[in-house]
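Reading through the C-alpha coordinates given below for one structure.
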Amino acid sequence: MSTASPKGLFISFEGIDGAGKSSHIAGLAQAFRDQGRVVTLTREPGGTPLAEKLRALMLHDAMDPLTEALIAFAARRDHLVQVIEPALARGEVVISDRFTDATFAYQGAGRGFDWNQLSVLERMAQTGTALQADLVSSFMREPDMTLWFDLPAEVAAVRLATARVPDRFEAQPGEFFARVAQGYAQRAEAAPQRFVRVDANTCREAVWEQIAQAVVAKGWLSSAAESKA
Ligand code: TYD
(Lines give C-alpha, C1' and ligand atoms only; values in the text may rest on other atoms or scores of the structure.)
Protein backbone atom coordinates (compact mmCIF):
# COMPACT_ATOMS: atom_id res chain seq x y z
CA MET A 1 0.00 0.00 0.00
CA SER A 2 1.41 3.38 -0.90
CA THR A 3 1.39 5.65 2.09
CA ALA A 4 2.84 8.44 -0.06
CA SER A 5 -0.26 8.94 -2.20
CA PRO A 6 -1.75 12.36 -1.54
CA LYS A 7 -5.17 12.89 -0.06
CA GLY A 8 -7.93 13.72 -2.50
CA LEU A 9 -9.01 17.37 -2.54
CA PHE A 10 -12.31 18.75 -3.72
CA ILE A 11 -12.48 22.45 -4.64
CA SER A 12 -15.50 24.22 -6.13
CA PHE A 13 -15.73 27.62 -7.81
CA GLU A 14 -18.92 29.63 -7.42
CA GLY A 15 -20.34 33.03 -8.26
CA ILE A 16 -22.95 34.75 -10.38
CA ASP A 17 -22.69 34.62 -14.17
CA GLY A 18 -20.03 37.07 -15.32
CA ALA A 19 -17.95 36.82 -12.12
CA GLY A 20 -14.89 35.63 -14.10
CA LYS A 21 -14.26 32.15 -12.72
CA SER A 22 -13.15 30.40 -15.92
CA SER A 23 -9.58 31.57 -16.42
CA HIS A 24 -8.80 31.13 -12.72
CA ILE A 25 -10.14 27.59 -12.73
CA ALA A 26 -7.68 26.75 -15.49
CA GLY A 27 -4.91 28.60 -13.62
CA LEU A 28 -5.49 26.75 -10.36
CA ALA A 29 -5.55 23.40 -12.16
CA GLN A 30 -2.21 24.26 -13.76
CA ALA A 31 -0.72 25.35 -10.43
CA PHE A 32 -1.59 21.97 -8.90
CA ARG A 33 -0.22 20.12 -11.94
CA ASP A 34 3.00 22.15 -11.77
CA GLN A 35 3.43 20.84 -8.24
CA GLY A 36 2.92 17.23 -9.31
CA ARG A 37 -0.75 16.67 -8.55
CA VAL A 38 -3.20 14.93 -10.86
CA VAL A 39 -6.19 17.19 -11.47
CA THR A 40 -9.70 16.33 -12.58
CA LEU A 41 -11.28 19.45 -13.98
CA THR A 42 -15.04 19.31 -14.20
CA ARG A 43 -18.24 21.36 -14.07
CA GLU A 44 -21.89 21.44 -13.02
CA PRO A 45 -24.43 20.92 -14.23
CA GLY A 46 -22.49 18.30 -16.17
CA GLY A 47 -19.25 16.36 -15.86
CA THR A 48 -20.59 13.01 -17.15
CA PRO A 49 -22.36 12.10 -20.42
CA LEU A 50 -25.70 11.80 -18.60
CA ALA A 51 -25.22 14.98 -16.56
CA GLU A 52 -24.22 16.93 -19.70
CA LYS A 53 -27.56 15.91 -21.27
CA LEU A 54 -29.34 17.14 -18.16
CA ARG A 55 -27.33 20.38 -18.35
CA ALA A 56 -28.59 21.02 -21.88
CA LEU A 57 -32.18 20.58 -20.69
CA MET A 58 -31.68 22.79 -17.66
CA LEU A 59 -30.04 25.62 -19.58
CA HIS A 60 -32.42 25.70 -22.53
CA ASP A 61 -35.84 24.16 -21.75
CA ALA A 62 -38.52 26.00 -19.79
CA MET A 63 -39.43 24.32 -16.46
CA ASP A 64 -40.58 25.16 -12.94
CA PRO A 65 -38.12 25.66 -10.04
CA LEU A 66 -38.71 22.22 -8.50
CA THR A 67 -38.00 20.49 -11.81
CA GLU A 68 -34.88 22.63 -12.17
CA ALA A 69 -33.69 21.68 -8.68
CA LEU A 70 -34.40 17.97 -9.21
CA ILE A 71 -32.49 17.97 -12.48
CA ALA A 72 -29.56 19.78 -10.85
CA PHE A 73 -29.39 17.17 -8.08
CA ALA A 74 -29.89 14.22 -10.46
CA ALA A 75 -26.99 15.48 -12.56
CA ARG A 76 -24.94 16.02 -9.39
CA ARG A 77 -25.56 12.52 -8.10
CA ASP A 78 -24.33 10.98 -11.36
CA HIS A 79 -21.34 13.33 -11.38
CA LEU A 80 -20.41 12.39 -7.81
CA VAL A 81 -20.76 8.66 -8.34
CA GLN A 82 -19.09 8.48 -11.75
CA VAL A 83 -16.38 11.13 -11.56
CA ILE A 84 -15.82 12.98 -8.28
CA GLU A 85 -15.70 10.11 -5.78
CA PRO A 86 -13.46 7.86 -7.92
CA ALA A 87 -11.04 10.76 -8.51
CA LEU A 88 -10.91 11.62 -4.81
CA ALA A 89 -10.33 7.94 -3.99
CA ARG A 90 -7.33 8.00 -6.35
CA GLY A 91 -5.95 10.97 -4.42
CA GLU A 92 -6.57 13.52 -7.16
CA VAL A 93 -7.48 17.18 -6.94
CA VAL A 94 -11.03 17.67 -8.21
CA ILE A 95 -11.85 21.21 -9.31
CA SER A 96 -15.47 21.80 -10.22
CA ASP A 97 -16.88 24.87 -11.92
CA ARG A 98 -19.94 25.10 -9.61
CA PHE A 99 -21.46 22.58 -7.21
CA THR A 100 -24.40 22.55 -4.77
CA ASP A 101 -24.09 26.16 -3.62
CA ALA A 102 -25.21 27.10 -7.15
CA THR A 103 -28.49 25.25 -6.62
CA PHE A 104 -29.12 27.14 -3.37
CA ALA A 105 -28.18 30.43 -5.01
CA TYR A 106 -29.99 30.01 -8.37
CA GLN A 107 -32.96 27.72 -7.66
CA GLY A 108 -33.25 28.76 -4.01
CA ALA A 109 -32.51 32.48 -3.77
CA GLY A 110 -32.93 33.24 -7.49
CA ARG A 111 -36.10 31.30 -8.30
CA GLY A 112 -37.51 31.28 -4.77
CA PHE A 113 -37.53 27.52 -4.23
CA ASP A 114 -37.67 26.46 -0.58
CA TRP A 115 -34.21 26.44 1.05
CA ASN A 116 -35.07 23.67 3.56
CA GLN A 117 -36.31 21.38 0.83
CA LEU A 118 -33.08 21.97 -1.04
CA SER A 119 -31.20 20.89 2.10
CA VAL A 120 -33.16 17.62 2.07
CA LEU A 121 -32.29 17.02 -1.58
CA GLU A 122 -28.66 17.95 -0.88
CA ARG A 123 -28.41 15.28 1.80
CA MET A 124 -30.11 12.67 -0.39
CA ALA A 125 -27.92 13.33 -3.41
CA GLN A 126 -24.59 13.69 -1.61
CA THR A 127 -24.79 10.82 0.87
CA GLY A 128 -23.82 7.24 0.05
CA THR A 129 -21.79 8.21 -2.99
CA ALA A 130 -18.32 7.08 -1.93
CA LEU A 131 -18.27 3.71 -0.24
CA GLN A 132 -20.89 1.10 0.44
CA ALA A 133 -20.38 1.93 4.12
CA ASP A 134 -21.56 5.48 3.48
CA LEU A 135 -25.02 4.17 2.69
CA VAL A 136 -25.53 3.58 6.37
CA SER A 137 -23.48 6.51 7.61
CA SER A 138 -24.46 10.14 7.55
CA PHE A 139 -21.37 11.27 5.66
CA MET A 140 -22.32 13.89 3.11
CA ARG A 141 -19.85 14.85 0.39
CA GLU A 142 -19.08 18.57 0.22
CA PRO A 143 -16.16 20.52 -1.25
CA ASP A 144 -13.10 20.93 0.98
CA MET A 145 -12.98 24.53 -0.20
CA THR A 146 -15.38 26.75 -2.13
CA LEU A 147 -13.89 29.78 -3.85
CA TRP A 148 -16.78 32.20 -4.06
CA PHE A 149 -16.31 35.00 -6.60
CA ASP A 150 -18.23 37.86 -5.06
CA LEU A 151 -19.17 40.55 -7.55
CA PRO A 152 -22.01 43.11 -7.51
CA ALA A 153 -24.79 42.03 -9.89
CA GLU A 154 -24.60 45.32 -11.78
CA VAL A 155 -20.89 44.86 -12.53
CA ALA A 156 -21.52 41.29 -13.72
CA ALA A 157 -24.32 42.55 -15.97
CA VAL A 158 -21.93 44.90 -17.76
CA ARG A 159 -19.45 42.05 -18.28
CA LEU A 160 -22.22 39.74 -19.55
CA ALA A 161 -23.55 42.31 -22.01
CA THR A 162 -20.73 41.46 -24.40
CA ALA A 163 -21.07 37.69 -23.92
CA ARG A 164 -22.39 35.13 -26.40
CA VAL A 165 -26.10 34.24 -26.84
CA PRO A 166 -27.42 33.99 -23.26
CA ASP A 167 -28.83 30.76 -21.78
CA ARG A 168 -31.97 30.66 -19.57
CA PHE A 169 -30.02 31.96 -16.58
CA GLU A 170 -27.83 34.55 -18.28
CA ALA A 171 -31.00 36.01 -19.82
CA GLN A 172 -32.46 36.80 -16.38
CA PRO A 173 -32.86 40.42 -15.23
CA GLY A 174 -30.53 42.18 -12.80
CA GLU A 175 -32.79 41.57 -9.78
CA PHE A 176 -32.45 37.82 -10.32
CA PHE A 177 -28.65 38.06 -10.04
CA ALA A 178 -28.88 40.33 -7.02
CA ARG A 179 -30.90 37.56 -5.31
CA VAL A 180 -28.45 34.88 -6.48
CA ALA A 181 -25.54 36.92 -5.07
CA GLN A 182 -27.43 37.20 -1.79
CA GLY A 183 -27.96 33.41 -1.84
CA TYR A 184 -24.23 32.85 -2.13
CA ALA A 185 -23.61 35.24 0.75
CA GLN A 186 -26.07 33.27 2.88
CA ARG A 187 -24.41 29.95 2.05
CA ALA A 188 -20.99 31.46 2.84
CA GLU A 189 -22.21 32.69 6.19
CA ALA A 190 -23.54 29.23 7.03
CA ALA A 191 -20.27 27.45 6.18
CA PRO A 192 -17.36 29.79 6.92
CA GLN A 193 -14.89 26.88 7.34
CA ARG A 194 -15.40 25.87 3.70
CA PHE A 195 -16.02 29.20 1.96
CA VAL A 196 -13.35 31.61 0.80
CA ARG A 197 -14.75 34.92 -0.39
CA VAL A 198 -12.84 36.20 -3.40
CA ASP A 199 -13.33 39.87 -4.20
CA ALA A 200 -13.92 39.54 -7.95
CA ASN A 201 -14.40 43.28 -8.50
CA THR A 202 -10.72 43.86 -9.14
CA CYS A 203 -8.01 43.05 -11.68
CA ARG A 204 -7.16 39.50 -12.75
CA GLU A 205 -3.82 39.44 -10.88
CA ALA A 206 -5.42 40.54 -7.61
CA VAL A 207 -8.09 37.85 -7.96
CA TRP A 208 -5.42 35.19 -8.55
CA GLU A 209 -3.47 36.37 -5.50
CA GLN A 210 -6.51 35.79 -3.28
CA ILE A 211 -6.99 32.29 -4.67
CA ALA A 212 -3.33 31.33 -4.37
CA GLN A 213 -3.15 32.69 -0.83
CA ALA A 214 -6.15 30.63 0.27
CA VAL A 215 -4.79 27.40 -1.18
CA VAL A 216 -1.26 28.00 0.10
CA ALA A 217 -2.61 28.81 3.58
CA LYS A 218 -4.18 25.34 3.68
CA GLY A 219 -0.81 23.81 2.78
CA TRP A 220 -2.24 22.38 -0.45
CA LEU A 221 0.21 24.27 -2.68
CA SER A 222 3.65 25.66 -1.97
CA SER A 223 4.10 29.42 -2.07
CA ALA A 224 5.60 29.19 -5.60
CA ALA A 225 2.03 29.29 -6.84
CA GLU A 226 1.44 32.77 -5.46
CA SER A 227 3.53 34.53 -8.08
CA LYS A 228 1.77 32.95 -11.08
CA ALA A 229 -1.04 35.24 -12.08
P1 TYD B 1 -21.92 28.37 -16.12
O2 TYD B 1 -21.35 27.52 -15.06
O3 TYD B 1 -21.90 29.83 -15.88
O4 TYD B 1 -21.24 27.95 -17.44
P5 TYD B 1 -20.94 28.86 -18.70
O6 TYD B 1 -19.72 29.63 -18.29
O7 TYD B 1 -20.71 27.85 -19.77
O8 TYD B 1 -22.16 29.71 -18.93
O9 TYD B 1 -23.45 27.98 -16.49
C10 TYD B 1 -24.22 27.19 -15.76
C11 TYD B 1 -25.51 27.91 -15.42
O12 TYD B 1 -26.32 27.01 -14.67
C13 TYD B 1 -25.31 29.14 -14.57
O14 TYD B 1 -26.14 30.18 -15.05
C15 TYD B 1 -25.80 28.72 -13.21
C16 TYD B 1 -26.77 27.63 -13.49
N17 TYD B 1 -26.87 26.61 -12.42
C18 TYD B 1 -28.04 26.51 -11.69
O19 TYD B 1 -28.98 27.27 -11.91
N20 TYD B 1 -28.13 25.56 -10.70
C21 TYD B 1 -27.12 24.69 -10.43
O22 TYD B 1 -27.24 23.84 -9.54
C23 TYD B 1 -25.91 24.81 -11.20
C24 TYD B 1 -24.76 23.89 -10.92
C25 TYD B 1 -25.82 25.79 -12.18
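One residue alone among Gln30, Gln82 is open to solvent by 30 Å² or more (accessible area, probe 1.4 Å), within 30 Å of Ser223 (Cβ to Cβ) and away from the ligand (no atom under 13 Å from the Cβ), and that residue is Gln30.
Looking only at residues in segment 44-54 that are farther than 22 Å from Phe32 by Cα and open to solvent by less than 50 Å² (accessible area, probe 1.4 Å), which one is nearest to the chain's Cα centre (by Cα)? Please lay out each step first, then the result.
Within segment 44-54, the first condition is being farther than 22 Å from Phe32 by Cα, and the residues that meet it are 45-46, 48-54.
Those left that are additionally open to solvent by less than 50 Å² (accessible area, probe 1.4 Å): 45-46, 48, 51, 54.
Numbers: Pro45: 10, Gly46: 11, Thr48: 15, Ala51: 15, Leu54: 17 Å.
Among them, the one singled out is Pro45.
Filtering segment 45-68 to residues that are of a type in the set (A, V, I, L, M) and in a loop (DSSP other than H, G, I, E, B) leaves Ala62, Met63.
Return yes when His60 is under 19 Å from the mean Cα position of the chain (by Cα) and within 13 Å of the ligand (Cβ to nearest atom) and no when it is not. Write out each step before concluding.
On the way: under 19 Å from the mean Cα position of the chain (by Cα): no; within 13 Å of the ligand (Cβ to nearest atom): yes.
It is false that His60 is under 19 Å from the mean Cα position of the chain (by Cα) and within 13 Å of the ligand (Cβ to nearest atom).
In this structure, does Val39 turn out to be crowded, with 18+ Cβ neighbours inside 10 Å, within 16 Å of the chain's Cα centre (by Cα) and more than 23 Å from Phe139 (Cα to Cα)? Yes; evaluated as a whole, the condition is true for this residue.
Sub-6 Å Cβ pairs linking a first residue in segment 59-78 that is open to solvent by less than 70 Å² (accessible area, probe 1.4 Å) to a second residue that is away from the ligand (no atom under 12 Å from the Cβ) and assigned to a helix (DSSP H, G or I), at least 6 apart or interchain, are Asp78/Leu50, ordered by first then second residue.
The values are calculated or read from the model by the stated rules, or taken from the named source; none is laboratory data. Just so we're clear, the structure is a prediction, and the values are computed from it rather than from any experiment. Neighbour counts run over all protein chains shown; Cβ positions are idealised from the backbone, glycine included. Accessible surface areas use protein heavy atoms only, side chains included; no ligands, DNA or RNA. Shrake-Rupley method; radii C 1.70, N 1.55, O 1.52, S 1.80 Å.
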